[in-house]
Structures are given as structure tokens and as C-alpha cells.
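J.: The structure's right below; bear with me while I get my questions together.
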Amino acid sequence: MNLTKKKISRDGKIMMLAYDQGFEHGPEDFNHKNVDPEHIFQIAGEGNYTALAVHVGIAKKYAHGPYRHIPLVIKLNGKTKFDNEDPVSYQHTSVNYAKELGAVGVGYTIYLGSSKEQEMFVEFSKICEEAHRLGLQAICWMYPRGTNIKDEMSTETIAYGARIAMELGADVVKLKYNGDKEGFKWVVANAGKTKVIIAGGSKKDSLDFLKDVDNSIDSGGVGVAVGRNAWQSDEPLEISEKLKKVIFERKFPEELEHLSKKSK
Ligand code: FBP
């Protein structure tokens, strides 16, 4: 495969597996199986994800051999769960190095509403410049959070996040979905030509998760960057298959229940 031809999307849709939670949340998200990055690379490959998002250390040590074909998004910043009052997350990896490691995209989290938001705006904007010069996609993990944010899940706040990501130059913005299907059209409108994907959030009933994905796409989203709802599932490949059918074949989540009853 010509590695330069790898993309983070397929047919304009994105089904990204996110595995940066070990950094953001710590080992509490893991069990003895999914603590192993190799297990996650297997899910990404066999589950036919369009991309896998990881930090640099995991990319360097695991994105080889049978996993070389998986399009990689390398996260360039990260913070721990200990810093939540007025969060900031600084760049720790360069766009150049991400490119050297074979990434097709780079990811960066912005905490909109934090007193440090300006610092993240400046870093991300420069990252977009560099990424685009090198032919990489720039993906913004946009999380309204901090002392200035009254309700991080309000539609207007999520739409503000979409707007900022677009204005800073993101190709894709990853946002939380608040269940307001009509309101999400406003969110997507604010993102303009920047593609919108949703985060999975903490593990929930698989049907509820798939309905959120379905509704967000109905409202103009193009997919997901999902972590815990996939790799914390007892049946990660089964939920991945259902997800694929919702995103690419636009099947109704209810239609897929017969595939199995196990993936709760
Ligand atoms: P999940 O699908 O597991 O929620 O992952 C999405 C994600 O954006 C991760 O990439 C990131 O680690 C995490 O959510 C951050 O979540 P939060 O800061 O809201 O706990």
C-alpha cells in the first residue's frame, strides 16, 4: 500500500478509534486486555476503522508490521485527570515527528473557556499551518471546559466550539453530542467546511450510543472518534461492525440488534 495515500476518512465519513484515555484519565479506564495497545491496534484493523488516534509513544512502539496500514492520528498534546479546574494542555510532540512516524493527521485538544484558552488557540493555529504544509489533516478535540463555562453540554456552547475550531483552521472538529438533534444542525452550520465528528463518552448501552451516532449524522456530522464505547465493550468487534453499518451504510441502529445481544 502506498502510505502517502492513506486518509482518515472513507467515502467522506470518519470512524476513528481513540486511545488517548490512558493519558487523559489514567489506568482506571482499562482492564488487563485493553491496557495493551496491541489489542487496540487489532480492533482498529479488524474493525475497519478509518483511523486510530494515539499519543507519540504508542505510535512509535506499535504502529509497525501488521498495523502499518492503519491510518494514524497522533495526538500532539495531552493533560492528566489531575488538572481540571481551569485546564490547559500544551503541545508535547511536533508535527514533523508525527509525519516521520507515518501519521496522516495530528490531533490537539483545546479547552475553550479555560483562562488559558489563548495559549491553546495559538498552538493549534500553528499546528494547522504546519500540518497543512506537510499534507496532514489537523483534528481539533474541542472541549468547552473551565471556570468560564457554565454548561459544557449546552448546544450554544458546543456550537461555539465548532466555530472556533473552524476559524483556527481545523479540518475536523471532534465535539461532544448532547442529544439535541435539531440543535446539532446549528453546531454543524457553525463549523462551516470543517467536518464534525462526535466523541463517544463514557461507556453506555450500545444501542443508545449508536442512536447518538445516527442522529448526529442525520444532522450533518460525518462520524465519530470513539474510545471507551468500543474497546471497553465485551464485544469490541461486534460494536465496531454495527458502528460501521450505521456510519457507512446508514442502517438504523435498531435494525442491527439481531447481530447480537451481547454488546452492552
Ligand atoms: P471516548 O469515546 O472514550 O469518550 O474518547 C473520546 C475522547 O475525546 C478521548 O480521545 C479523550 O481521551 C477523552 O474523550 C477525553 O474525555 P474527557 O476529557 O471528557 O473525560
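Throughout, read-outs are computed from the coordinates displayed, never taken from laboratory work. A quick note: this is a predicted structure, and the numbers were derived from the prediction, not measured. We place every Cβ from the backbone using ideal geometry, glycine too, and count neighbours over all the protein chains shown.
J.: Convert 10 °C to kelvin, take the viscosity as 1.306 mPa s, use the Kirkwood radius over C-alpha pairs of region 1-94 as Rh, and evaluate the Stokes-Einstein diffusion coefficient in µm²/s, rounded to a whole number.
T.: For these conditions, the coefficient is 111 µm²/s.
J.: Next question. Where both residues lie in the chain, what percent of DSSP beta bridges are antiparallel, nearest 5?
T.: 5 percent
J.: Also: Two decimals is fine: what's Rg over Rh for the chain, C-alpha atoms, Kirkwood radius as Rh?
T.: Numbers: Rg = 17.0 Å, Rh = 18.3 Å.
Radius of gyration over Kirkwood radius for the chain works out to 0.93.
J.: Right, another one. Nothing charged except the Cβ atoms of Lys and Arg (+1) and of Asp and Glu (-1): what's the magnitude of the dipole of region 59-141 about its Cα centre? Round to the nearest 20 debye.
T.: Roughly 480 debye for region 59-141.
J.: If you rank C140, C128 by fewest surrounding Cβ atoms within 10 Å, what's the result?
T.: If I rank by nearby Cβ atoms, fewest first, I get C128, C140.
J.: Choose one of T109, A51, A170: the residue whose Cα lies farthest towards the positive end of the charge dipole of region 38-180 (beta-carbon charges +1 Lys, Arg; -1 Asp, Glu; about the Cα centre).
T.: Highest projection toward the positive end goes to A51.
J.: Which shape class, rounded, prolate or oblate, goes with region 74-122 when its Cα gyration tensor gives a ≥ b ≥ c as root eigenvalues, a/c under 1.5 marks rounded, and past that a/b bigger than b/c marks prolate?
T.: Since a/c reaches 1.5 and a/b is larger than b/c, the shape of region 74-122 is classed as prolate.
J.: Related question: For region 44-89 and region 180-240, write down the distance between their C-alpha centroids in whole Å.
T.: 18 Å
J.: If I take R0 = 45 Å and measure r between the Cβ atoms of K150 and V35 in this structure, what FRET efficiency does the formula 1/(1 + (r/R0)^6) give, to the nearest 0.05? Present the calculation step by step, with values, prior to reporting the outcome.
T.: Details: r = 36 Å, r/R0 = 0.80.
So the FRET efficiency works out to roughly 0.80.
J.: A further question follows. As a check on your grasp of the helix formula, calculate [θ] at 222 nm for the chain: sum -39500 (n - 2.57) over DSSP H runs of n ≥ 4, divide by the residue count, round to the nearest 500.
T.: Estimated from H runs of four or more residues: -11000 deg cm²/dmol.
J.: To continue, here is another question. Could I have the simple spin-label model distance between L207 and D234, label points 7 Å from Cα toward Cβ, reported in nm to one decimal?
T.: About 1.7 nm, to one decimal.
J.: Based on Cβ point charges of +1 for Lys and Arg and -1 for Asp and Glu, what charge dipole magnitude is obtained for the chain about its Cα centre, in debye rounded to the nearest 20? List each step's numbers first, then the result.
T.: Numbers: 37 positive and 37 negative charges, 156 e Å.
Taking the Cα centre of the chain as origin, the dipole is about 740 debye.
J.: May I ask which residue of N84, I239, A199 lies farthest towards the positive end of the charge dipole of the chain, with charges of +1 (Lys, Arg) and -1 (Asp, Glu) on Cβ and the Cα centre as origin?
T.: Checked the options; the winner is I239.
J.: A follow-up question, please. How fast does region 179-264 diffuse by Stokes-Einstein, in µm²/s, taking the Kirkwood radius from C-alpha pairs at 10 °C and 1.306 mPa s?
T.: Details: Rh = 13.1 Å.
Reported coefficient: 122 µm²/s.
J.: Could I have the simple spin-label model distance between F252 and D83, label points 7 Å from Cα toward Cβ, reported in nm to one decimal?
T.: 4.7 nm
J.: Fewest Cβ neighbours within 10 Å first, please rank Y177, Y62 accordingly.
T.: Ranked by crowding around the Cβ, least crowded first: Y62, Y177.
J.: For D180 and Q118, compute 0.36 nm times the residue count separating them, minus their Cα-Cα distance, and round to one decimal in nm.
T.: Here the segment from D180 to Q118 would lengthen by 19.5 nm.
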